[in-house]
Amino acid sequence: MKQYDLVVVGGGIVGLSTARAYLMRYPHLKVAVLEKEAQLGQHQTGHNSGVLHAGIYYKPNSFKAKACVSGQRAMIAYCDEHGIPYRKVGKLIVALDESELPRLMDLWERGNANGVQDLQLLDQAPLREMEPHLNGIKAIYSPNTGIVDYGKVAQQFGQDFQALGGSILTSCKVEQINTRQQSSILATSHGEIETRLLVTCAGVYADRVRALSGVEGEVKMVPFRGSYYKLTAEKSHQVTRLIYPVPDPNFPFLGVHFTPTMAGEVLVGPNAVLAFAREGYTRWRVNPADLLDTLTYPGFWKLALQYWRMGTLEMYRDFVKPAYLRDIQRYMPSLELADLVTAWSGVRAQAMNRHGDLLDDFLVVYGERVAHVQNAPSPAATSSLYLGNLIVDETAKAFGLGVA
Ligand SMILES: Cc1cc2nc3c(=O)[nH]c(=O)nc-3n(C[C@H](O)[C@H](O)[C@H](O)COP(=O)(O)OP(=O)(O)OC[C@H]3O[C@@H](n4cnc5c(N)ncnc54)[C@H](O)[C@@H]3O)c2cc1C
């Protein structure tokens, strides 16, 4: 049986950042990352908007604000150091009419309070000058918001970790966790593995992996699919920056946005609809057990009652492309149906409690020598270096490893 001092379950950006930070600080430990897929970063890490968020949205002094602002700085320095390409394309948050101005100004105050640098408030004329095809009466411009390929960042985290002596076991699904007095025995698709300490960062399976270890927890992961279109080559030149709506404060997601990518395309999306499978990347992918799991959770019905109108509209737009188009034409009136090409989807791992609240904050729960990350929502990719260090701080303290 393979034996380790520490196993990290989940080869996404959070697990890899954590594993890397552990070996940087505790180089004497024998550490492994276990990932069920054949390659690293195949789920949220490889299916997101690729935005290096600057930290505008989050409540001043909140954990997310600090993690995002510091995390973005650390991520940019890391990309510079490792030659990972990124671009500070800049971002506009656009108010379409007077009714959105109070919320836009609230974001303006938040961004400044969070220390986001070089923010500007633009009226219609300079906005038009920047993005001539865009509708809007006022916007916040954040020149330091950027884009990067988080899949590449995760690969580099993995390489750093291996260079420090860590082992990565892919196609290694953790199926059972038996906690003993001094260690945990993991039954995996690679055979049994013994570890003294265990940290799990399992994304959309965070709650199930926690339950395998017998640790109690409050939350259920609810998968929300976010699908993207991309603009045709003829229209993609019409968007040069990230363009976001003023978000609805009653909804945890940022709204459909225009995102230039490192590959030179422009994505439109993601929307946010309930996925019928934890890894439900397409509309028709249904996993009856996953769906039952969601539908029998009391929190889901509380959420559904609260957001049924918005959820139904979002579902309608997901199925009816002209409706999706009408929504984005409010920002880009020149777009037509043929300009939108179906691209791909991501599935957000969103933690929900029994009251139907979607948890906004990062959450870790602990057992004996085990720690389970239970919520790592956006902007966790931007913040991943910060989060990895924080997870090491907190778990090393809980495991009694001493300060490194
Ligand atoms: C559509 C979308 C857009 C987003 N846009 C942005 C953005 O622009 N900027 C930003 O900062 N953030 C964004 N995010 C959020 C960000 O992508 C996530 O917060 C981040 O990737 C979470 O990383 P993770 O490592 O926790 O999860 P994941 O990347 O999902 O990794 C979890 C890993 O655990 C593995 N795993 C699960 N169960 C087991 C098991 N039993 N055994 C072994 N392995 C297991 C999975 O295979 C997976 O690889 C977005 C997310 C989505 C879905």
Given the residues A211, A206, A275, which is the only one that is surrounded by 23 or more Cβ atoms within 10 Å (Cβ to Cβ), within 12 Å of the ligand (Cβ to nearest atom) and assigned by TED's automatic domain parsing to the domain that holds N375?
A206
Pairs under 6 Å by beta carbon, first residue within 15 Å of G367 (Cβ to Cβ) in segment 198-209, partner surrounded by fewer than 24 Cβ atoms within 10 Å (Cβ to Cβ) and among the basic types (K, R), six or more apart or different chains?
D207/K220
Number of the condition not met by L92 [criteria: (1) open to solvent by less than 30 Å² (accessible area, probe 1.4 Å); (2) farther than 16 Å from T240 by Cβ; (3) in contact (Cβ under 8 Å) with a residue 60 or more places away in the chain]:
(2)
Note down all Cβ pairs under 8 Å where the first residue falls in segment 240-268 and is open to solvent by 30 Å² or more (accessible area, probe 1.4 Å), the second is among the basic types (K, R), and they're at least six residues apart or on different chains.
R241/K91; P249/R103; M262/R87; E265/K230
Elements of type strands (runs of 3 or more DSSP E) in segment 296-404, at least 2 residues being open to solvent by 60 Å² or more (accessible area, probe 1.4 Å) and within 16 Å of the ligand (Cβ to nearest atom):
340-352
Those residues of segment 185-202 which are away from the ligand (no atom under 11 Å from the Cβ) and either open to solvent by 20 Å² or more (accessible area, probe 1.4 Å) or of a type in the set (D, E) (or both) amount to G191, E192, E194, R196
Can you name the residue in segment 169-184 that is more than 13 Å from the ligand (Cβ to nearest atom) and surrounded by fewer than 16 Cβ atoms within 10 Å (Cβ to Cβ) and, of all such residues, is nearest to Y4 (Cα to Cα)?
Q182
Select from segment 3-37 the residues that are more than 11 Å from the ligand (Cβ to nearest atom), open to solvent by 10 Å² or more (accessible area, probe 1.4 Å) and either aliphatic (A, V, I, L, M) or touching an Asp or Glu at 6+ places or on another chain (Cβ under 7 Å) (or both) and list them in ascending order.
Q3, R20, M24, L29, K30
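The values are calculated or read from the model by the stated rules, or taken from the named source; none is laboratory data. On a predicted model such as this, the values are computed, not experimentally measured, just so you know. Cβ atoms come from the backbone with ideal geometry, glycine included; neighbour counts cover every protein chain shown. For accessibility, only protein heavy atoms count, side chains too; no ligands or nucleic acids. Shrake-Rupley method; radii C 1.70, N 1.55, O 1.52, S 1.80 Å.
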